[in-house]
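I have a structure I would like to understand better, so I am pasting it below and will then ask my questions one at a time.
The values are calculated or read from the model by the stated rules, or taken from the named source; none is laboratory data. This is a predicted model, so every value here is computed, not measured. Here Cβ is always computed from backbone atoms with ideal geometry, including for glycine, and neighbour counts include all displayed protein chains. The area values use the complete protein model at the heavy-atom level, side chains included, leaving out ligands, DNA and RNA. Shrake-Rupley method; radii C 1.70, N 1.55, O 1.52, S 1.80 Å.
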Amino acid sequence: MSGERIKAPRGTFDVLGEQAGMRMALEDRARAILEGAGYERIETPAFEATELFARGVGSSTDIVRKEMYTLTDGSGRSLTLRPEGTAPVCRAYVEHGMHKQPQPVKLWYLSSFFRYERAQKGRFRQFWQVGAEALGSDDPAVDAESIVLLGALLDEMGVREARLRLSSLGSGESRRRYRERLQGHLRANEQNLSAEVRERIELNPLRAFDSAHEGTMAVMRDAPRLLDELDPDDVEHFAAVRELLDRAGVAYEVDATLVRGLDYYTRTVFEFTSDALGAQSGVGGGGRYDGLVEQLGGPATPGMGWAAGIERVLLAGSPPPAGGQAVDLYVGLADLGEAGSFSGVKAAAFEILSEARSAGLTAQMEMAGRSLKGQLGHADRIGARFVAIVGERETLLKDLQNGRQETLATDKVVHAALRGLRELA
Ligand code: HAM
């Protein structure tokens, strides 16, 4: 019985071929850069208690209001596929008592995330992020280092036209006061705002800076700026972050209108954008979240981090091609027998395959019933160095690099291939 074809859900994709190779290259670079700076790998579960994101990301955000994949499990618990990685990392920090370790605790991840968004170029419903979080220090050097590391990764991945925007959202009382002033400004100009911004004056007034609506943009041009109203401590912190970035030779522009789509940010926020991406120009971004761990039931702990979308890094960049795995030996069969049937030759070939791998060679074996010519062609296509054509009593070993060949007892094949490779080296 044949069934109707089933496709991957909208906004999702399969990772294969060249894409898989480029992702591996990115993961290798991310590991080298981040682990070199003292970050350790963490992987959290793909789903968490819904409450973690409602409380962590913030109930006024688009993510929590419209974009979460939430389900009820068999025992009636509300679970949500992770839409982001910072709240889960903070949950893990508390759960594993990481505040007792030397601070800052630096963690990195490369995982998939889920948001029910309108799918388009560079925007998916399941996407991958590489992210880094440093918990337990409010030193501006943590902010600067974190930003420098993402810059280095984007650089190495050949991301073109990357622009770094930087701002500070301040903290505490001054931020509350500012929020009220901004709400006053928005209310006074309510008739010119988009319906969406109007609806969110109470809930999330800062997001008005992100609107693409003409009238709203005009209102926001005259809006008070948070950067002008920071507490002295926050001014000093922001100045130190900028000074350190200058020392590291990182170019940035201070953009007082930069707001991010998550509620947990305090003080430093930043975003790398690339014009190579079109509408979805955000390649990666992040900032400081000094209240989040406490909000999730842990001890008061500052935090700073970022995440970059892997698909967007690859779209905006020109990643180095991942070198495929070299094949030392291709084990073919002289006597094909019935396709899929068992024969002594096949058993001997399989033994060579196992022996070759035990000896540290990379090896593959004919498993598709190709003709002798077909097998040689295939060995050539996959770039094998040696091909062994296993016969009843003897095996022909051919060096595909120089065309030399010899006939050997089957149990001498691996030895001869090893010798040949050593000569090459
Ligand atoms: P975010 O800005 O929501 O921040 O996402 C970070 C990056 O993930 C974006 O810049 C973008 O490249 C990518 N991204 C987001 N949504 C999608 C999507 N639907 N399709 C493809 N790529 C997407 C966060 O998630 C924070 N957790 C970052 C952070 C870490 N802040 C502090 N620590």
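Leaving out ligands and nucleic acids, and using a 1.4 Å probe, what accessible area per residue does the chain come to in Å²?
For the chain, the per-residue accessible area is 50 Å².
Moving on. For n ≥ 4 DSSP H runs only, could you compute -39500 (n - 2.57) per run for the chain, divide by its residues and tell me the 222 nm figure to the nearest 500?
-11000 deg cm²/dmol
Within the accessible area of the chain, what % is carbon and sulfur when the probe is 1.4 Å and the other protein chains stay in place?
49 percent
Quick one: putting +1 on the C-beta of Lys and Arg, -1 on the C-beta of Asp and Glu, what dipole do you get for region 1-128 around its Cα centre, in Debye to the nearest 20?
Charge dipole, region 1-128, about its Cα centre: 360 debye, nearest 20.
A follow-up question, please. Using Stokes-Einstein with the Kirkwood hydrodynamic radius over Cα pairs, what translational diffusion coefficient do you get for the chain at 4 °C and a viscosity of 1.567 mPa s, in µm²/s rounded to a whole number?
For these conditions, the coefficient is 51 µm²/s.
Which of these, Leu353, Leu262, Leu315, has the largest mean-square fluctuation under a Gaussian network model of the chain (Cα springs below 10 Å)?
Leu353
Here's something else I'd like to know. For a protection proxy built on the mean count of beta-carbon atoms within 10 angstrom, sort 304-310, 5-11 highest first, please.
304-310, 5-11
Additional query: Would you mind checking which residues have amide H under 5 Å from Val130's amide H? H placed 1.01 Å from N; only 5 or more apart, or other chain.
Counting only residues 5 or more places away or on other chains, the set is Ala308, Ile310.
Which order do peptides 385-395, 228-238 fall in by mean Cβ count within 10 Å, highest first?
Final packing ranking: 385-395, 228-238.
In the chain, which whole DSSP H runs stretch at least 18 Å along their own axis (Cα) and average 0.0 or higher on the Kyte-Doolittle scale?
Membrane-span-like by this criterion, though nothing is claimed about a membrane: 140-156, 344-358.
Could I ask something else about it? Mind telling me which of Leu16, Leu79, Leu169 comes out most flexible in a GNM of the chain, alpha-carbon contacts under 10 Å?
Leu16
Just to be sure I understand: of the beta bridges DSSP finds with both ends in the chain, what percent are antiparallel, rounded to 5?
80 percent
Let me ask something additional. In the calculated pair distance distribution of region 1-101, what percentage of Cα-Cα distances lie above 24 Å?
48 percent
Further question on the same structure: Cut-off under 20 Å on the C-alpha distance; same-chain residues fewer than 8 positions from Lys121 excluded. Which aspartates and glutamates are left, in chain and number order?
Those aspartates and glutamates meeting the cut-off are Asp14, Glu18, Asp62, Glu67, Glu84, Glu161, Asp210, Glu271, Asp275, Glu311.
Could you tell me the relative contact order of the chain? Use alpha-carbon pairs under 8 Å, at least six residues apart, and round to a whole percent.
16 percent
Choose one of Gly158, Val387, Phe270: the residue whose Cα lies farthest towards the positive end of the charge dipole of the chain (beta-carbon charges +1 Lys, Arg; -1 Asp, Glu; about the Cα centre).
Val387
If you don't mind, another one. Determine which lysines satisfy two conditions relative to Lys346: a Cα distance under 30 Å, and not lying fewer than 8 residues away in the same chain.
Correct list for Lys346: Lys373, Lys398, Lys412.
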